[in-house]
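Report on one structure; see the data block that follows.
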Amino acid sequence: MKSNLICMLITIIVYMIVMVTIGILASKKNKDTSDFYLGGRKLGPIVTAMSAEASDMSSYLLMGLPGLALLTGFADVGWTVIGLAVGTYLNWLFVAKRLRIYSHHNHSITIPDFFSNRYHDQHHFLMGISALIILIFFIPYTASGFSACGKLFQTLFGMDYHAGMILSAIIIIVYTSIGGFLAASKTDLMQSIIMTFALIMVVIFGIATAGGMGAVIENAKALPGYLSFNHTYDINSNTANDYNWLTICSTLAWGLGYFGMPHILLRFMAIEDSHKIKTSRRIASIWVVISMGIAILIGFIGQTLMTNGTITVLGDNPDNYSAESETVIMKIATLISEHGVIAALFAGLVFAGILACTMSTSDSQLLAASSSLSENILQGVFGIKLSAKASMIAARSVLLIIAALSIIIAWNPDSSVFQIVSFAWAGFGATFGPVMLCALFWKRSNKWGALAGMVAGGMTVFIWKFLVRPLGGAWNLYELLPAFLIGLLCIVVVSLLTKAPEKELVEEFEAVRAECKQ
């Protein structure tokens with residue numbers, strides 16, 4: 001093995017050891033499942049902010065966004081990023097504090113818990129349905145992360161894709177199953193720092209290698225529609241395609257997804273003091289805007305380096321372009337490693353950053369999915385009584401099962417990280433987003449409306465994705481937008497047509513609202 005590869009491998013191994021060590025140290029603080037799934041609600045503002053955003057910015061930050069920017073130019077990825085940035089800020093501004101107070105008030109440690117307790121659902125319909133939704137969408141979401149890790153090891157070391165994917169999954173499983181939510185949150189903080197370093201390192205080196213920022217801009221200008229807000233670049237025909245206002249609205253709808261993301265909402269529930277959320281909001285919003293902007297720039301730089309023959313990203317089969325373009329940051333990092341031992345160590349940190357992107361999301365998703373099955377379905381819905389020790393064993397066992405299913409789904413090396421994340425994002429945004437907003441801000445909403453909205457939103461995601469969207473034209477909308485609106489409409493209509501919430505539930509809502517104003 002070449003010396004530069006050895007240096008990068010050493011850096012990655014050290015990174016993995018640190019992650020496992022954090023998991024072991026955090027495990028000492030897990031006294032019960034509340035600690036395991038919510039960290040005892042003891043997260044500080046910085047950890048909360050960076051943990052939430054690191055778990056949000058999955059492998060699409062360093063792979064999906066640069067890959068999409070490389071292929072199609074600014075419009076598609078740009079409007080997506082604008083929607084995500086606005087959604088991030090609004091989620092912190094409106095949802096974070098009220099969810100923290102409300103979930104503490106009704107003793108909820110998971111999102112299905114919160115929905116069930118918020119509407120006093122004695123039969124656990126909401127708990128069961130929401131837990132199943134988490135399992136349905138988080139398993140492929142986690143699979144996308146495992147797939148990204150497999151591609152990394154394959155590109156870097158020529159390792160078999162499946163072996164690299166399984167190795168990464170094992171590391172994630174080890175520190176998450178040992179340390180739980182606290183380990184996931186603390187590793188997320190470190191991973192966000194590594195991700196930031198990776199972005200900056202790749203941009204600086206990439207611009208220098210491309211011949212300066214002017215060369216990058218000139219290359220982008222030479223491609224039809226590449227820098228346009230209302231056109232996308234078609235790499236196959238070297239022409240520009242229209243990007244109309246309807247498509248722009250559809251793409252901006254990515255921001256709606258934040259209101260329903262369990263792994264982000266759990267961070268809001270876990271902060272130690274609701275009054276510190278403003279600090280977290282500022283840190284999170286600034287980091288998100290800067291990191292996504294840099295990710296787009298990496299795609300532009302990669303397009304320049306590909307045009308001048310410095311790197312080869314795409315093969316001969318256009319059908320594989322979507323997946324292949326996502327390796328652009330790896331190609332640039334490999335170039336960095338060829339400039340000596342120190343450069344190779346820095347390149348290793350870039351690859352560690354790609355792992356960090358993936359792991360910071362996968363660990364949170366595994367925990368959320370695990371809690372849904374062990375806490376909400378087994379104990380909540382079916383009423384299986386487990387001791388504290390048995391609950392911890394069940395939680396860790398379920399986590400292993402979910403990870404195994406995710407590995408099976410990620411077995412195809414040609415799967416696109418961005419496409420998988422896109423579908424799962426729509427699923428959570430449409431099923432949980434409208435319900436969460438109504439639960440927090442509309443006291444007239446009831447459990448039947450919430451249940452109807454959850455089911456309608458989830459069904460619409462599948463129907464629109466596989467039956468309606470393929471029709472093309474005006475129907476070619478990102479499934480999150482119509483599904484979110486239909487889910488919200490069903491909540492309002494069904495709530496108004498059914499019995500109003502009982503007095504106790506309304507009083508609880510008013511008490512929380514009063515506390516939020518303090």
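Going through (1) under 30 Å from Gly145 (Cα atoms); (2) open to solvent by less than 20 Å² (accessible area, probe 1.4 Å); (3) out of contact with any helix residue (DSSP H, G or I) (no Cβ under 6 Å at 6 or more places or on another chain); (4) not acidic (Asp, Glu) one by one, Phe509 falls short only on (1).
Residues of region 250-306 that are among the basic types (Lys, Arg) and open to solvent by less than 10 Å² (accessible area, probe 1.4 Å): Arg267 alone.
Residues that are touching a residue at least 24 places away in the same chain (Cβ under 8 Å), polar (S, T, N, Q) and farther than 18 Å from Phe157 by Cβ within region 291-347 comprise Ser291, Gln303, Thr304, Thr307, Asn308, Thr310, Asn320, Ser322, Ser325, listed in sequence order. In region 443-452 there is at least one residue that is in contact with a Ser or Thr (Cβ under 7 Å, 6 or more places away or on another chain), polar (S, T, N, Q) and touching a residue at least 12 places away in the same chain (Cβ under 8 Å).
One residue stands out in region 90-123 among those that are open to solvent by 20 Å² or more (accessible area, probe 1.4 Å) and not in a helix (DSSP H, G or I): the one that is nearest to Phe268 (Cα to Cα), namely Ile109.
Scanning region 448-490 for residues that are exposed (fewer than 15 other Cβ atoms within 10 Å of the Cβ), part of a helix (DSSP H, G or I) and not aliphatic (A, V, I, L, M) returns Phe466, Pro470, Gly473, Trp475. Looking for whichever is modelled with pLDDT of 70 or more, in a helix (DSSP H, G or I), of a type in the set (Ser, Thr, Tyr) and within 17 Å of the chain's Cα centre (by Cα) here; the options are Ser144, Ser185, Ser168. Which one fits? The unique qualifying residue is Ser144. Listed by position, the helices (runs of 4 or more DSSP H) contained in region 15-80 that have at least 2 residues being modelled with pLDDT under 80 are 33-38, 45-56. Within region 361-372, residues that are under 16 Å from Ala270 (Cβ atoms) reach partners that are outside any helix (DSSP H, G or I) and at pLDDT below 70 with beta carbons closer than 9 Å, at six or more positions or on different chains, in the pairs Gln365/Ser58.
One residue stands out in region 400-442 among those that are open to solvent by 10 Å² or more (accessible area, probe 1.4 Å) and in contact with an Asp or Glu (Cβ under 8 Å, 6 or more places away or on another chain): the one that is modelled with the highest pLDDT, namely Phe423.
Kindly list, by first and then second residue, each pair from a residue in region 216-244 that is among the hydroxyl-bearing types (Ser, Thr, Tyr) to a residue that is open to solvent by 70 Å² or more (accessible area, probe 1.4 Å), limited to pairs with Cβ atoms under 8 Å and residues at least 6 apart or on different chains. Hits for this filter: Tyr243/Phe229; Tyr243/Asn230.
Of the helices (runs of 4 or more DSSP H) lying entirely inside region 203-288, those carrying at least 3 residues that are more than 23 Å from Ala426 (Cβ to Cβ) are 213-222.
The values are calculated or read from the model by the stated rules, or taken from the named source; none is laboratory data. Bear in mind the structure is a predicted one, so any value in this text is a computation, not a measurement. We place every Cβ from the backbone using ideal geometry, glycine too, and count neighbours over all the protein chains shown. Accessible surface areas use protein heavy atoms only, side chains included; no ligands, DNA or RNA. Shrake-Rupley method; radii C 1.70, N 1.55, O 1.52, S 1.80 Å.
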